[in-house]
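Asker: First, the structure itself, so that you have it in front of you.
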Amino acid sequence: MKNLSIALLDALKQHGARALFGLPGDFVLPFFRHAEQSGILPLHTLSHEPGVGFAADGAARYLGGPGVAVVTYGAGALNLVNAVAGAYAEKVPLVVISGAPGALERGNGLLLHHQSRTLDSQLAIFREITCDQVVLDDARQAPALIARALRNCLSQSRPVYIELPRDMVDAPCAPVTPLPPPAWDAEAVQACAREVLRRLAAAANPLLLVGIEIRRCGVEHKVAELARLLRIPVATTLMGRGLLVNQDAPLLGTYLGVAGDAEVTRAVEESDALLMLGVLLSDTNFGVSARKIDLRGSILALDGQVTLGHHVYPAIPIEALLDAMLDEGAPLDRTAPQGLAQPAPYGMPEDGAAIAPGDIARAVNDALRLAGPMPLVSDIGDCFFTALDMQGEGLLAPGYYATMGYGVPAGLGLQAASGRRPLILVGDGAFQMTGWELGNCARSGWDPVVIVFNNQGWEMLRAFQPEARYTDLGDWRFAAMAPMLGGDGYRVQTRGELARTLRHALDKRGRFQLIEVMLPRGAQSATLERFVAGVRRGQARP
Ligand SMILES: Cc1ncc(Cc2csc(CCOP(=O)(O)OP(=O)(O)O)c2C)c(N)n1
Ligand SMILES: [Mg+2]
């Protein structure tokens with residue numbers, strides 16, 4: 001019989017995990033030893049737990065399986081909270097494994113180091129940001145608890161919390177038998193699919209609007225097939241940017257309300273049968289709508305249920321709904337829409353002019369057209385709005401939860417788990433938070449290309465409070481620091497320098513490449529300007 005640590009590691013691998021990300025401490029050292037010595041999953045350490053969480057998140061988003069973060073009790077696990085909360089908000093299947101005090105030390109009457117209020121305070125905190133929590137303090141129960149937690153992590157596409165007392169890691173433990181996904185009622189699914197198809201057929205302007213859950217559930221190809229079958233155009237939400245790329249779908253583009261393409265906005269907001277698949281009804285997706293979308297006339301398939309106006313069908317997995325619609329659907333009486341997606345911007349002039357954010361999108365699109373597609377990972381800031389105009393191999397970004405600090409570690413997690421080299425976009429403010437994780441690249445064999453949007457300030461905040469002085473961050477000279485961190489740094493001031501440096505950096509492998517793009521103070525992307533105007537308009541409305 002194996003021990004509990006090996007049973008847990010085997011189960012993680014069986015459920016699709018491809019790597020462990022962690023930062024050890026005494027409560028989790030025994031598990032780290034098994035993780036490293038067993039080699040069941042590669043173990044990558046980072047320098048601060050937010051980076052551990054974002055790296056696990058990036059791996060999960062890119063590969064679809066669970067991302068795994070392994071930390072010590074208290075100071076470690078509570079450092080992870082923001083990353084886990086963001087994963088919960090954006091439906092990322094994350095597994096948090098926290099070491100914890102053993103039974104004897106729990107009962108010795110002393111306050112333990114890393115303890116906050118009580119020894120169960122941490123569990124209480126993680127109850128709020130995970131869909132399931134288990135404490136492995138009994139080896140007989142452990143296999144069933146692990147199986148339940150991992151099944152819920154994947155079926156709900158949300159983080160789960162596993163607390164592992166350090167005196168349990170060597171306990172003899174039976175292997176974990178994976179549980180089947182939750183059952184559903186085929187008849188209810190068929191009835192729901194027929195009602196959705198009837199509504200679409202009766203509409204003058206049916207439209208599909210897709211969100212991030214269709215990627216988490218691995219059904220993008222089925223959505224594209226449905227759009228082609230029914231001859232219905234598709235738009236993505238802000239969070240869904242990058243979905244259905246290369247899926248041969250009649251893609252209109254990304255819905256950004258008043259901040260986006262007017263054609264796409266009109267198509268979404270004037271649709272009389274909006275079928276929303278995997279869409280979060282969030283302010284970032286709908287907060288800048290030109291006019292309020294009539295949700296009563298729309299259909300929402302999210303979180304395993306389908307809402308049609310005032311009807312709710314519970315327990316309808318999105319893949320089952322799509323399969324039933326593909327079985328029963330037929331072309332609606334419409335001409336097949338041609339994808340209207342606005343072409344991405346190309347052709348940045350390679351001259352001596354100062355660089356604007358929009359130039360960075362053009363330069364990246366020009367360079368990737370030559371070098372080949374790369375996964376894009378963006379932090380929050382104007383780099384995110386600029387990334388919406390980039391043609392990458394999908395875009396990973398916390399577009400709804402909107403936490404800074406995501407970009408660099410998430411890109412490292414993506415490369416660690418998949419081997420693919422990412423292009424990371426990050427502002428100077430966000431780089432100050434977690435950009436230093438690049439110092440782990442040399443020993444881990446990672447070599448991302450990182451573009452730092454250096455406008456020497458918190459520009460997104462300046463957009464709302466131009467008079468503020470506290471948004472000025474000064475010039476941190478990131479490129480000059482790159483060699484000390486084991487990479488190559490380039491500081492570029494003109495469009496010509498940007499184009500040449502980007503081509504050079506994409507060619508250079510084996511060391512991270514940091515391109516510090518100097519942006520004039522106050523320079524904003526057109527999308528950010530429209531987004532700010534939209535938010536202001538929304539706030540001004542009675
Ligand atoms: C963890 C966290 N703390 C604060 C904030 C609030 C914020 C949102 S945007 C922003 C400024 C970002 O500055 P940066 O230089 O990175 O990018 P740019 O605006 O283009 O200049 C802040 C402080 C968020 N979102 N997350
Ligand atoms: Mg900035």
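Asker: Find the residue count for region 412-440, including only residues that are within 16 Å of ligand 2 (Cβ to nearest atom), out of contact with any Ser or Thr (no Cβ under 7 Å at 6 or more places or on another chain) and in a strand (DSSP E or B).
Answerer: Final tally of qualifying residues: 3.
Asker: Which one of the conditions (1) among the polar types (S, T, N, Q); (2) in a loop (DSSP other than H, G, I, E, B); (3) in contact with a helix residue (DSSP H, G or I) (Cβ under 8 Å, 6 or more places away or on another chain) does Thr265 fail to meet, given that it meets all the rest?
Answerer: (2)
Asker: Cβ contacts < 7 Å: first residue assigned by TED's automatic domain parsing to the domain that holds Val95 and crowded, with 24+ Cβ neighbours inside 10 Å, restricted to region 156-178; second residue assigned to a loop (DSSP other than H, G, I, E, B) and basic (Lys, Arg), any location; separation 6+ or different chain. Result?
Answerer: Pairs found: Ser157/Lys91.
Asker: So how many residues does region 222-244 have that are assigned to a loop (DSSP other than H, G, I, E, B) and either more than 15 Å from Gly329 (Cα to Cα) or not basic (Lys, Arg) (or both)?
Answerer: 10
Asker: Let me ask another. Report, by residue number, each residue of region 365-380 that is free of Cβ contacts under 8 Å to residues at least 60 places away in the same chain, part of a loop (DSSP other than H, G, I, E, B) and more than 16 Å from ligand 2 (Cβ to nearest atom).
Answerer: Gly372, Pro373
Asker: Still on this structure: Which is buried (at least 21 other Cβ atoms within 10 Å of the Cβ) and not in a loop (DSSP other than H, G, I, E, B), of Val196, Val258?
Answerer: Unique residue meeting the criteria: Val196.
Asker: Failed condition for Ala463, given (1) within 9 Å of ligand 1 (Cβ to nearest atom); (2) small (Gly, Ala, Ser); (3) at pLDDT 95 or above, with all others met?
Answerer: Single failed check for Ala463: (3).
Asker: Another one. Return a yes/no flag: does region 44-62 have any residue that is outside the structural domain of Met433 (by TED's automatic domain parsing), among the β-branched types (Val, Ile, Thr), in contact (Cβ under 8 Å) with a residue 40 or more places away in the chain and part of a helix (DSSP H, G or I).
Answerer: Within region 44-62 (the criterion being outside the structural domain of Met433 (by TED's automatic domain parsing), among the β-branched types (Val, Ile, Thr), in contact (Cβ under 8 Å) with a residue 40 or more places away in the chain and part of a helix (DSSP H, G or I)), the answer is yes, since at least one residue qualifies.
Asker: Can you tell me which residue is nearest to Asp379 (Cα to Cα) among those in region 420-430 that are within 18 Å of the chain's Cα centre (by Cα) and not aliphatic (A, V, I, L, M)?
Answerer: Among residues in region 420-430 that are within 18 Å of the chain's Cα centre (by Cα) and not aliphatic (A, V, I, L, M), the one nearest to Asp379 (Cα to Cα) is Gly427.
Asker: Of the residues that make up region 343-353, is at least one closer than 30 Å to Cys192 by Cα, among the small types (Gly, Ala, Ser), touching a Lys or Arg at 6+ places or on another chain (Cβ under 7 Å) and not assigned by TED's automatic domain parsing to the domain that holds Thr434?
Answerer: No: region 343-353 contains no residue that is closer than 30 Å to Cys192 by Cα, among the small types (Gly, Ala, Ser), touching a Lys or Arg at 6+ places or on another chain (Cβ under 7 Å) and not assigned by TED's automatic domain parsing to the domain that holds Thr434.
Asker: I've got another one for you. So which residues in region 441-461 are away from ligand 2 (no atom under 16 Å from the Cβ) and either β-branched (Val, Ile, Thr) or not assigned by TED's automatic domain parsing to the domain that holds Gln415 (or both)?
Answerer: Across region 441-461, the qualifying residue is only Val449.
Asker: Oh, and also: Consider region 443-460. How many of its residues are near ligand 1 (Cβ under 10 Å from one of its atoms) and over 21 Å from the mean Cα position of the chain (by Cα)?
Answerer: 6
Asker: Continuing with this model, one more query. May I ask you to list pairs of residues, at least six apart or on different chains, whose Cβ atoms are under 7 Å apart, with the first in region 381-408 being outside any loop (DSSP other than H, G, I, E, B) and the second being of a type in the set (D, E, K, R) and more than 9 Å from ligand 1 (Cβ to nearest atom)?
Answerer: Listed pairs, sorted by first residue: Leu395/Arg241; Leu396/Arg61; Val408/Glu437.
Asker: Working carefully through the options Leu145, Leu123, Leu150, find the one that is part of a helix (DSSP H, G or I), in contact (Cβ under 8 Å) with a residue 60 or more places away in the chain and in the same structural domain as Ala75 (by TED's automatic domain parsing).
Answerer: Leu150
Asker: Here's another thing I want to ask about it. Tell me whether region 512-524 contains one or more residues that are out of contact with any strand residue (DSSP E or B) (no Cβ under 9 Å at 6 or more places or on another chain) and not aliphatic (A, V, I, L, M).
Answerer: Taking every residue of region 512-524 in turn, at least one turns out to be out of contact with any strand residue (DSSP E or B) (no Cβ under 9 Å at 6 or more places or on another chain) and not aliphatic (A, V, I, L, M).
Asker: If you don't mind, another one. Only residues that are within 24 Å of the chain's Cα centre (by Cα) and among the β-branched types (Val, Ile, Thr): list them for region 130-179, please.
Answerer: Thr130, Val160, Ile162
Asker: In addition: Looking at Ala480 and the list (1) modelled with pLDDT of 95 or more; (2) closer than 22 Å to Gln432 by Cβ; (3) out of contact with any Lys or Arg (no Cβ under 7 Å at 6 or more places or on another chain); (4) not in a helix (DSSP H, G or I), which single condition is not satisfied?
Answerer: Ala480 satisfies every listed condition except (4).
Asker: Here is a further query. Which one of the conditions (1) within 9 Å of ligand 1 (Cβ to nearest atom); (2) within 24 Å of Thr45 (Cα to Cα); (3) of a type outside the set (Gly, Ala, Ser) does Asn440 fail to meet, given that it meets all the rest?
Answerer: (1)
Asker: Another question about this same structure. Can you tell me which condition Gly489 does not meet? The list is (1) small (Gly, Ala, Ser); (2) assigned to a helix (DSSP H, G or I); (3) at pLDDT 95 or above, and all the others hold.
Answerer: Here Gly489 clears every test but (2).
Asker: For region 381-401, how many residues meet the condition of being in contact with a Phe, Trp or Tyr (Cβ under 9 Å, 6 or more places away or on another chain) and within 15 Å of ligand 2 (Cβ to nearest atom)?
Answerer: 5
Asker: Further question: Yes or no: Gly413 over 17 Å from the mean Cα position of the chain (by Cα), among the small types (Gly, Ala, Ser) and either crowded, with 24+ Cβ neighbours inside 10 Å or within 15 Å of ligand 1 (Cβ to nearest atom) (or both)?
Answerer: No: the conditions fail for Gly413.
The values are calculated or read from the model by the stated rules, or taken from the named source; none is laboratory data. In this text, all values refer to a predicted model and were calculated from it rather than measured experimentally. Heads up, the Cβs are rebuilt from the backbone with ideal geometry, glycines too, and the neighbour counts pull from every protein chain shown.
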